[in-house]
Amino acid sequence: MTSRTLIRRPAALVLQGVVLAALVGGTVAWTATVKTVTISVDGQVRKVTTHGGTVGKALADASLSAGPHDLLTPSADSSVADGDRIALRRGRELQLVVDGEKRSVWVTAASVDEALGQVGVRAEGAVLSASRSRSIPLGGMELAVTTVKSVSILADGHVKSVRTTAPTVRDALMQAGVNLRPADRISATRTTRVKDGMTIRVTRIVGKRITENLEVAFGTVRREDSSMYSGDTKVLAEGRPGVLVRTWNLNYVDGRLKSKFLGSERVAADPVTRVVAVGTMSRPAPAPAPRYSGGSSGGLNWGALANCESGGNPRSVSSGGTYRGLYQFSMGTWASVGGSGDPIDASGSEQTYRAQLLFNGQGRSPWPVCGRYL
């Protein structure tokens, strides 16, 4: 029994030594794999102790992971050594609206200004819906950008070149000091988005209204009058023209008359009809001229003189209206021998009497052609 015990103890000691050596060796090997790395997450730095051999393992030990839109440097399958630096920039979804056009982009930028550089948006002088220094949250954000554009405006005979951040044509015209009237036309709608290099043409439309007064001719009514001799007329009521008012609409395009059309017309005053009485009574046959039987003109043939001068018509008037009656008196001569009014309104006897008086003073000279018949 004693000898058996002595034989077993050395074996137990050997087994214990092997186990102890294995434990010590394993601990030494485990300790040898420990590494300290620096991990920067969106600029926030921390040190992490890891036994992993790759960047991905180191991130896992730090309870981190890289998503499909994240930027990881070095890559996840790269080996890692003690003292290495790992940078992780997490992706953010940016709802970007540039000059009215919307698109979704992923960036790893932490600020608005950095994000614009990453997506290649020219933002010098641009109008942004958020400040350039604003941080972009992990959940993303919407950013509207209105860039500066060069625009040419043709209006009122001039060309104006402007640089503008106006979103629409209407806003660009307002910024340029070009006022639009309701009737004006432009080469694009007022809500059209402004584009770089765009030309905006403004056509001025001016409407005018003018009024003209036109004369409306009056008519004439002729009424028969049996109390007047045939051929005689008398105005019973004077005529008066009426007034027609017309309103015209005129359209001017850039100062030139483009169209004219009648807007309305109305009669402002009706014409007044002229009324004329027309004689219908037959004229009596002219009385024969009496012969004078005494005085210095006695024995003369006044009937022959009358027939030569007027055809024996006591109401005869020369074509020019100067000479009148049986013996073709002028109005002045008739008055000089005591006649009143118009010779044609006097009786044949009176006309002969006045002619005799004229003969007594002047002889046959008042009748240079027909005086030979006396």
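Observations, loosely collected:
- Bins of 10 Å, starting at 0 and running to the largest distance - Cα pair percent for segment 92-146: 26, 66, 8
- Rounded to the nearest 20 debye, the dipole magnitude of the chain is 1020 debye, with +1 charges on Lys and Arg beta carbons, -1 on Asp and Glu beta carbons, and the Cα centre as origin.
- With distances taken between every two different alpha-carbon atoms, the chain has a Kirkwood hydrodynamic radius of 35.1 Å.
- Using only Cα coordinates, the Kirkwood hydrodynamic radius of segment 207-281 works out to 15.3 Å.
- Relative contact order of the chain, pairs being alpha-carbon contacts under 8 Å that are 6 or more residues apart, as %: 8 percent
- Counting DSSP beta bridges with both ends in the chain, the antiparallel % (nearest 5): 75 percent
- Between the amide H of Leu143 and those of Gln95, Leu96, Val97, distances stay under 5 Å, these residues lying 5 or more places away or on another chain, with hydrogens modeled in the peptide plane.
- Max mean-square fluctuation residue, GNM over the chain, Cα-Cα springs under 10 Å, options Ser111, Ser79, Ser349: Ser349
- Between segment 185-256 and segment 297-349, the Cα center-to-center distance that results, in Å: 56 Å
- Mean Cβ count within 10 Å, highest first, over the residues of peptides 211-224, 80-93: 80-93, 211-224
- Secondary structure note: in segment 92-146, about 65% of the DSSP beta bridges are antiparallel.
- Listed residue pairs exceeding 22 Å between alpha carbons, taken from Lys35/Lys57; Lys160/Lys195; Lys160/Lys258: Lys160/Lys258
- In sequence order, segment 66-82 has phi-based couplings of 9, x, x, 9, 7, 10, 10, 9, x, 5, 4, 8, 6, 6, 10, 10, 4 Hz under the Karplus curve 6.51 cos²θ - 1.76 cosθ + 1.60, θ = phi - 60°, and Gly or Pro positions carry x.
- Convex hull per residue volume in Å³, alpha carbons only, for segment 37-89: 62 Å³
- Segment 37-89, dipole about Cα centre (Lys/Arg Cβ +1, Asp/Glu Cβ -1), debye to the nearest 20: 120 debye
Throughout, read-outs are computed from the coordinates displayed, never taken from laboratory work. Keep in mind that what you see is a predicted model, and the values were worked out from it rather than measured. All Cβ positions, even for glycine, are placed from backbone atoms using ideal geometry, and neighbour counts span all protein chains on display.
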